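Asker: Quick one: the structure is below, and I'll ask about it shortly.
The values are calculated or read from the model by the stated rules, or taken from the named source; none is laboratory data. A quick note: this is a predicted structure, and the numbers were derived from the prediction, not measured. Quick reminder, even Gly has a Cβ in these numbers, built from the backbone with ideal geometry, and neighbours come from all protein chains shown. When the accessible area is computed, the model is the full protein with side chains, heavy atoms only, and any ligands, DNA or RNA have been set aside. Shrake-Rupley method; radii C 1.70, N 1.55, O 1.52, S 1.80 Å.
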Amino acid sequence: RQKAEDRVYGDMRNLRRERPNVLIGLAGCMVKPGKEEKIVKKMKNLDMAFRPEDMGDLGEKIQALRPKWNLSVDEGSLGKYFEIHPKVSSKFQVFVPIQTGCNKFCTYCIVPYARGREKYRDFDEVVDECKLLVSSGAKEITLLGQTVDSYENFPQLLEEIDKIEGLNRLRFSSPHPSDFSQELIETLARLKTTCPYIHLPVQSGSNACLRRMNRPYTREKYLDIIRRIRKAIPECAISTDIIVGFCGETEEEFQESYSLFEEIGFDMVYISRYSTRKGTYADRKLKDDIPYALKAERWHKLNDLLKKTAKKANEKYVGREVEVLVEREGMGRSREYKEVHFTGGEVGEIVHVKVTGAKEWLLEGEIVSPS
């Protein structure tokens with residue numbers, strides 16, 4: 001979003017002022033293909049710019065700027081980007097990229113222009129990395145992709161990773177409704193490591209608004225996916241993303257999003273107020289005509305409804321035992337991605353917690369036993 005981009009400019013200025021000798025690089029969707037040098041020239045506080053898939057070139061870029069630094073420099077490529085094994089902050093919870101770029105071209109989104117078309121990592125390479133991570137202590141793996149379920153043979157990939165001895169949990173983020181097949185739903189219901197939690201972005205409950213967003217599904221199609229998920233995985237927790245105040249959003253269209261919330265009863269929703277992103281179709285062709293105050297009002301209405309649906313969803317866990325992976329002392333997440341608070345527990349340990357209380361955004365409980 002544009003707000004996030006504006007924040008980056010401010011952070012750059014502050015960082016340069018506080019640490020004048022630090023090397024500052026810009027990466028991500030602000031860096032468009034072929035514009036790297038232009039960005040560096042334009043921003044006086046910036047030393048280098050690179051796209052995530054050019055990560056393999058990073059050593060060479062730094063070496064050119066700091067010749068006295070002793071670096072191991074490799075020639076980079078997209079393949080090298082996928083082959084990089086990052087230093088993980090948590091050995092028991094890890095992330096594995098399987099896809100980059102996007103072919104969907106949602107009108108509000110810069111990703112297809114900044115990251116390019118979808119490119120997929122080799123099936124066997126993904127499985128091999130997952131095996132290596134599990135052998136190093138990983139208990140939970142999250143597969144990453146801009147539209148992760150567009151990966152060819154995605155259900156088969158989940159099946160293969162599910163076979164890895166010692167893996168407890170398998171998650172993925174973020175899928176796209178257009179690619180969320182019945183085969184995928186049945187696979188999720190059958191495998192032992194896949195978690196009963198799905199984050200499925202909807203963005204709007206209005207078909208007219210979805211068309212302006214170039215989201216190639218309807219409200220009815222989305223509701224059907226949710227119905228089939230809940231039939232196959234009755235205890236599945238479901239979260240989503242939604243944008244309020246998108247170009248031309250009428251009060252009737254907003255009410256359709258509101259009623260979708262009521263009908264589905266999401267466990268969690270990440271609500272955004274629309275802001276124009278330069279370079280997108282919406283920036284070029286659509287008018288950002290919803291006043292900020294109205295966007296804020298709609299955001300608060302949805303958030304107030306979310307508080308009710310989230311608390312209701314959490315209250316059903318009171319009295320139950322949930323399996324929790326301890327992320328820090330006294331806090332972890334259940335398989336349903338619920339934040340659970342309790343006393344004790346070793347970081348990285350899997351424990352069973354009896355839920356004694358439910359709040360809007362978390363559960364409270366007591367450890368019954370380690371897993």
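Asker: Would you call Glu18 over 30 Å from Cys106 (Cα atoms) and not basic (Lys, Arg)?
Answerer: For Glu18, the condition - over 30 Å from Cys106 (Cα atoms) and not basic (Lys, Arg) - is met.
Asker: As an exercise: evaluate Leu46 against (1) part of a loop (DSSP other than H, G, I, E, B); (2) free of Cβ contacts under 8 Å to residues at least 60 places away in the same chain; (3) open to solvent by 40 Å² or more (accessible area, probe 1.4 Å) and give the number of the one condition it does not meet.
Answerer: (3)
Asker: When the residues of region 286-330 are filtered to those that are in contact with a strand residue (DSSP E or B) (Cβ under 7 Å, 6 or more places away or on another chain) and assigned to a strand (DSSP E or B), which remaining residue is surrounded by the most Cβ atoms within 10 Å (Cβ to Cβ)?
Answerer: Val324
Asker: Also: If you go through region 123-130 one residue at a time, do you hit one that is closer than 22 Å to Gln182 by Cα and open to solvent by 10 Å² or more (accessible area, probe 1.4 Å)?
Answerer: Looking for residues that are closer than 22 Å to Gln182 by Cα and open to solvent by 10 Å² or more (accessible area, probe 1.4 Å), one finds at least one in region 123-130, hence yes.
Asker: Look through Ser275, Ser178, Ser259, Ser239 and report the one residue that is closer than 29 Å to Glu5 by Cβ, of a type in the set (Gly, Ala, Ser) and in a helix (DSSP H, G or I).
Answerer: Ser178
Asker: From the set of residues in region 185-206 that are in contact with an Asp or Glu (Cβ under 8 Å, 6 or more places away or on another chain) and more than 24 Å from Ala138 (Cα to Cα), which is surrounded by the fewest Cβ atoms within 10 Å (Cβ to Cβ)?
Answerer: Pro201
Asker: Please name all residue pairs, on different chains or six or more residues apart, with Cβ atoms under 9 Å, provided the first residue is in region 302-316 and is within 13 Å of Val269 (Cβ to Cβ) and at pLDDT 95 or above and the second residue is among the basic types (Lys, Arg) and crowded, with 17+ Cβ neighbours inside 10 Å.
Answerer: Partner pairs satisfying both residue conditions: Ala313/Lys338.
Asker: If I go through region 331-371 residue by residue, how many of them are of a type in the set (S, T, N, Q), open to solvent by 60 Å² or more (accessible area, probe 1.4 Å) and under 21 Å from Val94 (Cα atoms)?
Answerer: Counting residues in region 331-371 that are of a type in the set (S, T, N, Q), open to solvent by 60 Å² or more (accessible area, probe 1.4 Å) and under 21 Å from Val94 (Cα atoms) gives 1.
Asker: Give Gly205, Gly137 a once-over and let me know the one that is farther than 23 Å from Leu325 by Cα and assigned to a loop (DSSP other than H, G, I, E, B).
Answerer: Gly205
Here is a yes/no grid of residues against (1) under 24 Å from the mean Cα position of the chain (by Cα); (2) within 30 Å of Cys102 (Cβ to Cβ); (3) not aliphatic (A, V, I, L, M):
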position: Lys285; (1), (2), (3): no, yes, yes
position: Asp304; (1), (2), (3): yes, no, yes
position: Tyr317; (1), (2), (3): no, no, yes
position: Val322; (1), (2), (3): yes, no, no
position: Glu329; (1), (2), (3): no, no, yes
position: Ser334; (1), (2), (3): yes, no, yes
position: Glu339; (1), (2), (3): yes, yes, yes
position: Gly344; (1), (2), (3): no, no, yes
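Asker: Among the numbered criteria (1) within 17 Å of Lys104 (Cα to Cα); (2) in contact (Cβ under 8 Å) with a residue 24 or more places away in the chain; (3) open to solvent by 10 Å² or more (accessible area, probe 1.4 Å); (4) not in a strand (DSSP E or B), which single criterion is violated by Arg211?
Answerer: Every listed condition holds for Arg211 apart from (2).
Asker: Given the criterion exposed (fewer than 13 other Cβ atoms within 10 Å of the Cβ) and aliphatic (A, V, I, L, M), identify the matching residue among Ala64, Ala27.
Answerer: Matching residue, one of Ala64, Ala27: Ala64.
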